[in-house]
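The values are calculated or read from the model by the stated rules, or taken from the named source; none is laboratory data. If you're wondering where the values come from, they're calculated on a predicted model, not measured in any experiment. As a convention, Cβ positions derive from the backbone with ideal geometry for all residues, glycine included, and neighbour counts pool all protein chains shown. To get the accessible areas, we keep the full protein, side chains included, count just its heavy atoms, and leave off ligands, DNA and RNA. Shrake-Rupley method; radii C 1.70, N 1.55, O 1.52, S 1.80 Å.
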Amino acid sequence: MRKIRAAAVGVTAAALLAGVAPAQAAQSGAKGDRVTAASAQSAQDLAVQGSSKYKVLKQFDYSRSKQNQLPLRLGQYYRKSNGKMAGWGWTKIKKKHNITKYGIIGWLAKSPNIDPVRGHRYNLTGWAHRVKCGPGGCKVVDRRKMLLATDETMTAGGGPRFAYFGAVTAFCKGSVKCPTWVNTKFKPRTSTAPLNTAALNASGSGEQTVFTYKPLVEKKGRLALAS
């Protein structure tokens, strides 16, 4: 029975990446005593070989749940046999999309902007702005809409306690890689209160980087959060 249980977990973890529900994977991968020793060993080998991929690097407060935090797993990013790149988790987020700070994932995980995708998957969004102020007022010189894709499928990827599969990917919409300033200028806000735009507009000359859950809009040389 130990082999059968390991087979079910291994097949479930592999099926998550293919978009198959855990219940379907467990049903097809382990049907009681009918699971053959060969298939059980194969699934167990898969679980052992890929176990590091599911390692939880960080867990973040998650706007969709008061009971569960959102895990960020190591994941992978690799070239398939057809030459195309594929992956998920922190490895893909960092290597493909140039998001290199855990804090950005934590900030997006708390976003109130939640869009259901399908099944147990959701997209959470926020905006990164480069703002320049001068004698004529303030304006946005660069704006990036950022997206975090999450999967709330439950999986035994972190020990005996079942937990969310977690962060699938994160990126800047409209480009493969986020600009470097998104990482180097990122400063998490200590307050969940809306941005004080009056203070921003009164900050004088210079350039700032602002991360908000609503886009900044320009109104006659002054910046405000979109309604």
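Would you check which residues across the range 183-227 are assigned to a helix (DSSP H, G or I), modelled with pLDDT under 90 and open to solvent by 50 Å² or more (accessible area, probe 1.4 Å) and list them?
Residues satisfying the conditions are ALA198, ALA199.
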message = I'm trying to understand the selection: among the residues of the range 49-91, which are outside any strand (DSSP E or B) and open to solvent by 80 Å² or more (accessible area, probe 1.4 Å)?
response = GLN49, LYS55, ARG64, LYS80, SER81, ASN82, LYS84
task = Can you confirm whether the range 134-143 contains a residue that is without any contact (Cβ under 8 Å) to a residue 60 or more places away in the chain and either open to solvent by less than 80 Å² (accessible area, probe 1.4 Å) or over 12 Å from the mean Cα position of the chain (by Cα) (or both)?
result = yes
inquiry  = I need the full set of residues from the range 113-128 which are at pLDDT below 95 and either open to solvent by less than 10 Å² (accessible area, probe 1.4 Å) or not in a strand (DSSP E or B) (or both), in order please.
reply    = GLY119, HIS120
ask   = Looking at this structure, is ASN98 touching a Phe, Trp or Tyr at 6+ places or on another chain (Cβ under 8 Å) and either of a type in the set (Phe, Trp, Tyr) or in contact (Cβ under 8 Å) with a residue 60 or more places away in the chain (or both)?
value = no
